Amino acid sequence: MTNPSDLADAYARPASEVLTALDATATGLSSSEAAARLSRHGPNSLPGAKPRPAILRLLAQFNNALIYFMLAGAGAAAALGHYVDAGVILAVVIVNAIVGFLQEGKAESALNAIRDMIAPQASVLRDGRRISVGMADLVPGDVVLIEAGDRVPADLRLISARNLLVDEAILTGESVASTKGVDPVAAGAALGDRRPMAFSGTLVSAGQGSGAVTATGTRTQIGRISTLLHEVEPLTTPLLRQINAFAHRFTLLAFVGAALIFAFAVSLRGYAWDDALMAVVALAVGLVPEGLPAVITITLAIGVQRMAARRAVIRRLPAVETLGATSIICSDKTGTLTRNEMTVGRVVTADGVSVVQGAGYDPTGHDFTPEPTARGLLRAGLLCNDAELNPGTWKVEGDPMEGALIAAAMKAGLDPATERAARRLDAIPFDAQHRFMATLHDMPGQGRVMLVKGAPERIMAMCARQASEAGTQVLDHTYWSDRIAETGREGERVLGYATKPMPDGTTRIDFPDVESGLTFLGLTGFIDPPRPEAVAAIAECHRAGIDVRMITGDHAETATAIARQLGLAPDPQVLTGKDLDAIPDSGFADAVARTQVFARTSPEHKLRIVRALQSRGNVVAMTGDGVNDAPSLKQADVGIAMGIKGTEAAKEAAEIVLMDDNFASIVAAVHEGRTVHDNIRKVIAWTLPTNGGEALTVIMAILLNFALPMTPVQILWVNLLLAATLGLVLAFEPSEPGVMARRPRKSGAGLLTPFTVWRIILVSVIFMAISLAVFFWTLGQGRDIEVARTMVVNTLVVLEIFYLFNIRYLHMTSFTLTGVKGTGPVLGAIAVVVVGQLAFTYLPVMNRIFESRPLTLLDGIVIIVIGVLSLVVLEIEKHLLRDRFREE
Ligand code: ATP
C-alpha cells in the first residue's frame, strides 16, 4: 500500500486510482485489515489541548482579590509581631487554596470524562457492512459515509456525492459551503477548490456522500495547521461571575468598614493602634467570603456529574443554572417521547388493509401472505431503504422505520438479499425538508424503475394514478385521506409509497423526475409506542409548573393521538407548519401559547416557536437533532441535542446532549438543575450570616466599648475550621423532596431573594445576641475573660452547626428523620469541627496559642441546649415566613 503522504494529490486523481493506491475497495476494508492499519498508522486523533500544569492551577487559587486582601492582613500581622495571627491567616488561605485546588481539579476531570461520553462516531463500511466506530479508529483506506450534520472525521477522497455541501470555514475561512463532487480537479488546486475531497473537521451542511480515508490524525489538513481543536471550556458561568463581582464588592465594603472601625477604636475608644489594627484585620478576614466562589464552582460541577449520571451531558456550564428555571420544554416526538422502535402494523393499498402481526424487528413466526399490490409496496419499502437488519440479533443499523420495513417485508416472504440484488443506480436521500426518499433500480424483467417513499400527502401530490390488483386507476383522494386519518388516529406513523418506470439507460434521478407521473402504491402504518417513562415525566412536569409542547415532523393526526396517549393535555390543540405560516405575526405568539402540538413543522418553524414563547417571558428548553435545528437550539435558553440520532451539528449547537434521546432525561436534568440552584442559595444563606454573626459581635464590642468577646486570632480560628468543613458540605446536598412540586423560579430572579436577605440579617443578629449573652453571663459568674471567650467561640461554632441543619431544607421543616440524620458529608464535616473544637478547648498547646481555656461538662451542655433552641426558633420562623416569601 502506498504511504498516505503520496496521496497529497488524491483530488487530482480518479477515485478508483486513489482506492488502488490505498489498497482498498469501495466496499470498505475488512476488520482485521483495519486493525492492522490502526496499529501501523496510529489513532485518528489530534493531540488535545495540554491540561494546565497542576502548579499553575494551584497558584491560580491565590490569584483572587479576596486572597490578596487576606495576605495583606497576614503581612500586617507579621509586621506587628503578631506571628500567631499571621500564621492562622496564612493557614486559612492555604486550606482554602488546597480545597479549591482539589475540588476544582476533580470537577475539571469529571467534566472532561463527561465530554468524552459524547465523542463523535463515524459511519464506515467494514466487512461490507455499515457500522459505527469511534472517530479515533478510522484508518487510511476506510470507506466513510457522511451526511448532512456530520463533522467529516478524516480527510476523504469522495467516491460518491449527492447534493453534497460542505462548510469548510474552519480550514479556508470561506463561509459559503462548497459544493462537492467526485471528478478530479487540476493538480495544484487551492484547498478550497479541491472538490472531490472532504476534509477532516469540516461540517457537512447538506446532502450525502462517501469517501475513502486518505489521511488521519495529524496528517490531515486540519492536523497540519492546528493541534488545538479542543478548546478547554472555562469553568465559569454568569452566576459565578455575579458571585465573584459580589464578593469583590463585599470585600471593598469590609475594607472600608474596617478602616472606619479602626479609626473609631483608636480615636474615640483609646485602643492601642496595633491592637485595633489586629482586631479589624481579623474582623475583615472573618467577614470576607473567600471560599464562596470555589464552593459554588463545586456545586455546579456536582450538578453536572449528577446530570451525566442521569444521561444528560452538559456541554456548557451555564445550562446547569438555566435548566432549573425552565418553564417550557419543547420536545421532538419520534424517539424522544416515543421509543423509536417501529413495527409495521398495517399495509393499506387500493385493494384493502392487511394487518401485520408481531412487535419488534424479529420477523420470525409472524408470516403473512399479502395481496399482490401490498407485496409490491413492501418490496418498494425494502428497496427504497438504507437500513440493515442483522439476521439473528435483529438489530437495526440505520433508521428504525426502515428497519421495520425490512422486518415487514421478511414477514411477507421477501428475502432482502435476493430482492436487493436489483441494483440500485441512484438515490435522492431523505431530507426533513422535502420529506421523501427516492431510489432508482435496475429491476430484473422490468428495466429501470424509480421507487419513492415519504410523507403520504407529499407522495400523493406527485401521483395521478394508483396501483391495484385490477391495474392502475385514477388516484382516489378521498379514499386515501380517510385511510391516512384513520391510521394517524391510532397513533401510527404513516408513510406513503409510489413507483415510476424510467426510460432504459437512466442512471440518475433528480427532483423533476419525482415531481410527477408517479403511481401511488399505498400506505404503511408504523406503531411506535410512547415511552412509559415519558408519560411519568410529563406528569411530573405538570406538577412542577412546566409546560410540555411537542414539535414534530410527523402528521397532525398521529402527533395528536400520541400526545393524548402521553397525557400532554386532555384535548391537545394542534397546529401544522402550514397553519403557522398562515398566522399573521401579530397573532403568532398568542396562537403558539395556546397550542400543545405542532405537526409537519420544519426547522424554521421551531425557531419562530421558540422566539414566540420567549417573548412571553418563558425560559424555553428545545430539543433538536438535524443540521437545520442548530439555529433554534442556539436560540432556546437550553438547547438539547439527541445523543443517538442527533447530528454533530446539533450537538455542537446545544447546551446539553441526551445520551439516551429520552424525554425523561430532560426532566431529570431539570430536577438536578433546580437542586443546584437550591444548593447555591443554601451555600450563600449559610455563609453570609455566619460570617456576619461573628463580625457583628466584635463590632458591637468596639462600638459599645467593652472587652472583645473573641480575640482576633480566635475569629481567625473559627474561619479556618469552618472553611473546609461546614462551608463546603452544602454543595453536596441531595435534592429536597419537593423540588419538582413547585413552580419554576422566575427567570432573572437574583440569588439574594428577599427571603435570603432577611435570613442573613436575622441570623447575623441572633448569633450576635446569643454570643454576647453567653459572654456576659459567663463573666457574670465571676469567671475569667479567657473562659468567657472560649464559651463564645464554642457557642458560635455550635450555632453554625445547628443553622446548617436548618438551612439544608429551605422549603420544608428540618425536623424529619432524614433531616436529623444528615448525610455522609454533613456528618463528616461535623466530626472534624467537633474534634477541632475539643482540641481548641482542651489541648494545652491550643490553649497557649489561642488563649482558650478548658470548659466544664455543664458549660458544654448549656452550649448544646442553646444550639438546639436556636434551631427550634429558626424552624418556627421558617414555617411562619415560608408562605410570606412565596416568590421563591
Ligand atoms: P420528530 O420531529 O418528532 O422526530 P419525525 O421523525 O416524524 O418527527 P422527520 O424525521 O422530520 O420528523 O420526518 C418527517 C416525515 O418525513 C415523517 O413523518 C415521514 O412521513 C417522512 N419520513 C421520515 N423518515 C423518512 C425516510 N427515511 N424515508 C422517507 N420518508 C421519511
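Selection of the stretch 370-388 for residues being within 14 Å of the ligand (Cβ to nearest atom) and assigned to a loop (DSSP other than H, G, I, E, B) yields Cys384, Asn385, Asp386, Ala387. Of the helices (runs of 4 or more DSSP H) lying entirely inside the stretch 708-806, those carrying at least 3 residues that are aliphatic (A, V, I, L, M) and out of contact with any helix residue (DSSP H, G or I) (no Cβ under 7 Å at 6 or more places or on another chain) are 754-780. Name the single residue, out of those in the stretch 332-341 being open to solvent by less than 10 Å² (accessible area, probe 1.4 Å) and out of contact with any Lys or Arg (no Cβ under 7 Å at 6 or more places or on another chain), that is nearest to the ligand (Cβ to nearest atom). Within the stretch 332-341, the match that is nearest to the ligand (Cβ to nearest atom) is Lys333. For the stretch 708-734, residues that are more than 21 Å from Ser764 (Cβ to Cβ) and either in contact with a Phe, Trp or Tyr (Cβ under 9 Å, 6 or more places away or on another chain) or open to solvent by 40 Å² or more (accessible area, probe 1.4 Å) (or both) total 3. Pull up the stretch 589-604, narrow it to residues that are part of a helix (DSSP H, G or I) and open to solvent by less than 60 Å² (accessible area, probe 1.4 Å), then point me to the one that is nearest to the ligand (Cβ to nearest atom). Of everything passing the filter in the stretch 589-604, Pro603 is nearest to the ligand (Cβ to nearest atom). Just one of the numbered conditions (1) away from the ligand (no atom under 15 Å from the Cβ); (2) buried (at least 19 other Cβ atoms within 10 Å of the Cβ); (3) part of a helix (DSSP H, G or I) is not true of Leu440: (3).
Exactly one residue out of Ser665, Ser586 is open to solvent by 40 Å² or more (accessible area, probe 1.4 Å) and outside any loop (DSSP other than H, G, I, E, B): that is Ser586.
Any residue at all in the stretch 565-573 that's more than 12 Å from the ligand (Cβ to nearest atom), hydrophobic (A, V, I, L, M, F, W, C) and farther than 26 Å from Arg483 by Cα? Taking every residue of the stretch 565-573 in turn, none turns out to be more than 12 Å from the ligand (Cβ to nearest atom), hydrophobic (A, V, I, L, M, F, W, C) and farther than 26 Å from Arg483 by Cα.
For the stretch 409-416, the criterion of a residue being assigned to a strand (DSSP E or B), within 16 Å of the ligand (Cβ to nearest atom) and of a type in the set (A, V, I, L, M) is satisfied by no position. Residues that are at pLDDT 95 or above and closer than 25 Å to Glu402 by Cβ are absent from the stretch 503-510 altogether.
Candidates are the residues of the stretch 263-289 that are under 16 Å from Gly75 (Cβ atoms) and in contact with a helix residue (DSSP H, G or I) (Cβ under 7 Å, 6 or more places away or on another chain); the one that is most open to solvent (accessible area, probe 1.4 Å) is Leu277.
In the stretch 28-146, counting only helices (runs of 4 or more DSSP H) that sit wholly within it, the ones holding 1 or more residues that are surrounded by 18 or more Cβ atoms within 10 Å (Cβ to Cβ) span 31-41, 65-79, 83-117.
Do we have any residue at all in the stretch 389-399 that's within 15 Å of the ligand (Cβ to nearest atom), within 37 Å of the chain's Cα centre (by Cα), buried (at least 22 other Cβ atoms within 10 Å of the Cβ) and of a type in the set (Val, Ile, Thr)? Steps first, answer last, please.
From the stretch 389-399, those within 15 Å of the ligand (Cβ to nearest atom) are 389, 396-399; that's our starting set.
Next cut, within 37 Å of the chain's Cα centre (by Cα) only: 389, 396-399.
Remaining after also requiring buried (at least 22 other Cβ atoms within 10 Å of the Cβ): 389.
Next, only the ones that are of a type in the set (Val, Ile, Thr) stay: none.
Within the stretch 389-399 (the criterion being within 15 Å of the ligand (Cβ to nearest atom), within 37 Å of the chain's Cα centre (by Cα), buried (at least 22 other Cβ atoms within 10 Å of the Cβ) and of a type in the set (Val, Ile, Thr)), the answer is no, since none of the residues qualifies.
Name the single residue, out of those in the stretch 389-404 being farther than 17 Å from Lys645 by Cβ and either assigned to a helix (DSSP H, G or I) or polar (S, T, N, Q) (or both), that is modelled with the highest pLDDT. Filtering the stretch 389-404 for residues that are farther than 17 Å from Lys645 by Cβ and either assigned to a helix (DSSP H, G or I) or polar (S, T, N, Q) (or both), the one modelled with the highest pLDDT comes out as Thr393. Of all the residues in the stretch 238-273, those that are in contact (Cβ under 8 Å) with a residue 60 or more places away in the chain, within 17 Å of Met70 (Cβ to Cβ) and among the aromatic types (Phe, Trp, Tyr) number 1. In this structure, does Leu451 turn out to be assigned by TED's automatic domain parsing to the domain that holds Asp351, touching a helix residue (DSSP H, G or I) at 6+ places or on another chain (Cβ under 6 Å) and touching a residue at least 60 places away in the same chain (Cβ under 8 Å)? Spelling it out, Leu451 is indeed assigned by TED's automatic domain parsing to the domain that holds Asp351, touching a helix residue (DSSP H, G or I) at 6+ places or on another chain (Cβ under 6 Å) and touching a residue at least 60 places away in the same chain (Cβ under 8 Å).
Across the stretch 298-314, the qualifying residues are those that are open to solvent by 20 Å² or more (accessible area, probe 1.4 Å) and not in a helix (DSSP H, G or I), and the one among them that is nearest to Ile656 (Cα to Cα) is Arg311. Here Leu613 passes the criteria (1) away from the ligand (no atom under 15 Å from the Cβ); (2) over 26 Å from Ile243 (Cβ atoms); (3) surrounded by fewer than 22 Cβ atoms within 10 Å (Cβ to Cβ); (4) more than 15 Å from the chain's Cα centre (by Cα) except the one numbered (3). Looking across the stretch 342-369, the residues that are under 20 Å from Leu521 (Cα atoms), more than 16 Å from the ligand (Cβ to nearest atom) and of a type outside the set (Phe, Trp, Tyr) come down to Thr349, Ala350, Asp351, Gly352, Val353, Ser354, Val355, Val356, Thr369. Scanning the stretch 841-850 for residues that are modelled with pLDDT of 95 or more and aliphatic (A, V, I, L, M) turns up at least one hit. Cβ-Cβ distances below 7 Å connect the following pairs, each with a first residue in the stretch 693-716 that is more than 16 Å from Asp274 (Cα to Cα) and of a type in the set (S, T, N, Q), a second residue that is open to solvent by 10 Å² or more (accessible area, probe 1.4 Å) and modelled with pLDDT under 90, and a separation of six or more residues or different chains: Asn705/Arg269. Checking each residue in the stretch 105-153 for being in contact (Cβ under 8 Å) with a residue 40 or more places away in the chain, in contact with a helix residue (DSSP H, G or I) (Cβ under 8 Å, 6 or more places away or on another chain) and small (Gly, Ala, Ser) picks out Gly105, Ala107, Ala110, Gly141, Ala148, Gly149. Against the criterion of being surrounded by fewer than 17 Cβ atoms within 10 Å (Cβ to Cβ), acidic (Asp, Glu) and more than 36 Å from the chain's Cα centre (by Cα), Asp426 does not qualify.
The values are calculated or read from the model by the stated rules, or taken from the named source; none is laboratory data. Keep in mind that this is a model prediction, so the values were computed, not measured. Positions of Cβ are backbone-derived with ideal geometry, glycine not excepted, and every protein chain shown enters the neighbour counts. Side chains are part of the model used for accessible areas, which takes the heavy atoms of the whole protein and leaves out ligands, DNA and RNA. Shrake-Rupley method; radii C 1.70, N 1.55, O 1.52, S 1.80 Å.
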